[in-house]
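Before anything else, here's the structure in question.
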Amino acid sequence: MTHPGTLVLIMAAAVLAPLLVHATGRRIRIPLVIFEIGLGILIGPDVLGWAHPDDVVDTLADLGLSMLIFLAGYEIDFAAVRGDTLRRSLWSWLVSLAAGIALALAISRGDVFEAFVIGTALTSTALGTVLPMLRDSGEQRGRFGAVMSAFGAVGEFGPVVAVALLLSGRRPAESAALLAAFGAITAAAVCWALRPRPPWFARLTERTLHSSGQFAVRFVMLLLACMLGLAEVFGLDVLLGAFAAGVLTRLVLHRAAPASSEVVLGKVEAMGFGFLVPLFYVVTGIEFDLAALLHEPGALLLVPGFLLLVLLVRGVPVYALAPRDLGRTDRVALALFASTCLPLVVAITTIGVDQELLDTDQAASLVGASMISVLVLPLIAMRLRSGARGTGGRQTPSPNGGGRGGERDSEAW
């Protein structure tokens, strides 16, 4: 089937997914992303064989992944994650990376680059999946939400930097120099973003919010394109540019047009969660190597094994280094949320397979384990948080109730 037909099938799956979430919601809360990937597997080559992505669909899927990481970068409030909490999150991720690579060396039987792929994938956190859940429950702006933002931000940013350093195909020193240059330019862009914008910026943003001009939305897309292009020029993973673009966009909008920033973000999210992000997840399902997973008993057994490794590598250091003011139940919930992974696992394993550093059956096992993590771990964590609140557990209330999250469904659920 040519790409127009495949694109129609993908968007039909994207529309069907929230309907299935609604239909099953009374009995069990299943994340939306599970239905999106599952429907992709169903229409893909290994089941019905209806959908076969081509260059056009793959390009749109890459944009979807970039948009997902961009929105994750936008969600991070650095004023809330600095200080001791940020230091703890950095140390927990570094411990996770060391443990992940060490364990992956045993799995790969000493293959260093394969160990880098597996070990880095084990340290990621699906912040773009977790934050909407906290936002919908009204906890994102409380103490627990701030801590989760810090640990999740490092779990998003750390693996992207590690991929740029370890899997770029260059010498580590050369990669580090290019990464430092990219960081210096990004830092300069942050300083620019922190400067007061001229009054016309806010006026034009407000004037074109509901017109065909859409100045602010176009400006956001320009920032995203510039940072993606900058990362490409430096030979770094474009996810690094997408994340940086999200951070810059938050700084610019909140300083230049604070009254309109939520509306502008809503429009950008409509493009992301309405088209590009679900397309990425459905294509992930279509390209999922189900045959390799089912026909190789060892690969199927690796799925629960990798899930256990995720909990050990990512969850245990997060639990051990969580801020002391969190109770035991909150620390367990934090560890489970931080162990929830998927988007970066897909991206990292795709890089590993493309560079012939990772077998397709191992990649399928890692993605399968990360799918289970998205399905199971946040649900357990949310129930732990609900139980803690019901028994008088420690929680800082959100200053505005549920915030924007109480008004709409999230991409995660």
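Consider just the alpha-carbon atoms of the chain and return their Rg together with their Dmax, both in angstrom.
20.5, 63
Using 1/(1 + (r/R0)^6) with R0 = 41 angstrom and r between the beta carbons of Ala102 and Leu290, what's the FRET efficiency to the nearest 0.05?
E between Ala102 and Leu290, to the nearest 0.05, is 0.85.
Describe numerically, in nm with one decimal, the distance between label points set 7 Å from Cα along Cα→Cβ at Arg203 and at His22.
4.4 nm
In segment 1-51, which trypsin sites (Lys or Arg not before Pro) fall in coil by DSSP and have 11 or fewer other Cβ atoms within 10 Å?
Of the trypsin sites (Lys or Arg not before Pro), the ones in loops of segment 1-51 whose Cβ has at most 11 other Cβ atoms within 10 Å are Arg26, Arg27.
If each residue of separation counts as 0.36 nm, what is the full-extension length gain between Leu48 and Arg218 once their alpha-carbon separation is subtracted?
Here the segment from Leu48 to Arg218 would lengthen by 57.3 nm.
Taking the Cα-to-Cβ direction at Ala12 and at Leu300 and moving 7 Å from each Cα, how far apart do the two end points lie in nm?
3.0 nm
Roughly how many nanometres apart are two label points built 7 Å out from the Cα toward the Cβ at Asp58 and Ala188?
Label at Asp58, label at Ala188, 3.4 nm between them.
Helix-only mean residue ellipticity at 222 nm, the chain, DSSP H runs n ≥ 4 weighted -39,500 (n - 2.57), per residue, nearest 500. What is it?
My calculation for the chain gives -23500 deg cm²/dmol from helical runs alone.
Where a number appears in this text, it was derived from the coordinates with a stated rule and is not lab data. Predicted model, so just to flag it, every value in this text is computed and none were measured. All Cβ positions, even for glycine, are placed from backbone atoms using ideal geometry, and neighbour counts span all protein chains on display.
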